[in-house]
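Colleague: What follows is a single structure, and I will ask about it in a moment.
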Amino acid sequence: MLELKKTTIYTTFISGHSSVVERLVANEKVEGSTPFARSIKFMSDLTEKKCVPCEGGVSAFDISEIQKYQKKVDGWDIIKNEKNIYFLEKKFSFKNFLTSQEFVNQVGKISEEEGHHPDILFGWGYAKVSITTHAIEGLSENDFILAAKIDKNINV
């Protein structure tokens with residue numbers, strides 16, 4: 001079950017489990033497979049896909065679809081802003097400014113390859129990546145594909 005944490009600017013949904021592996025153990029019963037193997041499989045399902053251009057005309061995911069896909073990415077929070085638009089957000093920590101900048105450059109390269117561009121805030125020792133599909137004012141499969149590819153290629 002999700003815990004709702006209200007702030008003045010946006011609402012944050014925080015999973016009761018701290019990682020994809022724990023969410024899988026709690027929610028998925030797959031015989032003959034370890035939680036780690038299941039988490040790799042879910043992420044690889046998304047990393048094998050390609051973001052498709054979205055020009056609107058399709059509906060954003062509803063909360064049940066968002067929660068289903070959230071199980072496929074590790075450590076990404078679901079955020080709902082003041083305009084009721086959902087997006088993915090993940091905060092990353094680094095040892096210095098240069099490492100943060102290198103991470104941002106890698107995310108930029110992945111984003112260009114996918115044609116899907118997140119909002120990135122970074123500084124000394126940190127970066128925050130926020131992903132949504134602006135054309136539909138919400139989340140789509142593209143957002144989860146990009147999140148999985150960032151995690152896979154950055155090895156976070």
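Each value in this text was obtained by applying a stated rule to the coordinates, not by laboratory testing. Please read these numbers as outputs of a predicted model, since none were measured by experiment. Ideal geometry is used to build each Cβ from the backbone, glycine not excepted, and the neighbour counts take in all protein chains shown.
Colleague: Taking the highest mean first, how do the peptides 126-133, 58-65, 74-81 order by number of other beta carbon atoms within 10 angstrom per residue?
Modeller: Ranked by mean Cβ neighbours within 10 Å, highest first: 126-133, 74-81, 58-65.
Colleague: Another question, then. Given R₀ = 25 Å, what would the calculated FRET efficiency be for Lys152 paired with Gln67, taking r from the Cβ atoms and rounding to 0.05?
Modeller: 0.70
Colleague: Right, another one. Evaluate the distance, in nm, between pseudo-label points positioned 7 Å from the Cα of Asp45 and of Lys91 along their respective Cα→Cβ axes.
Modeller: 3.0
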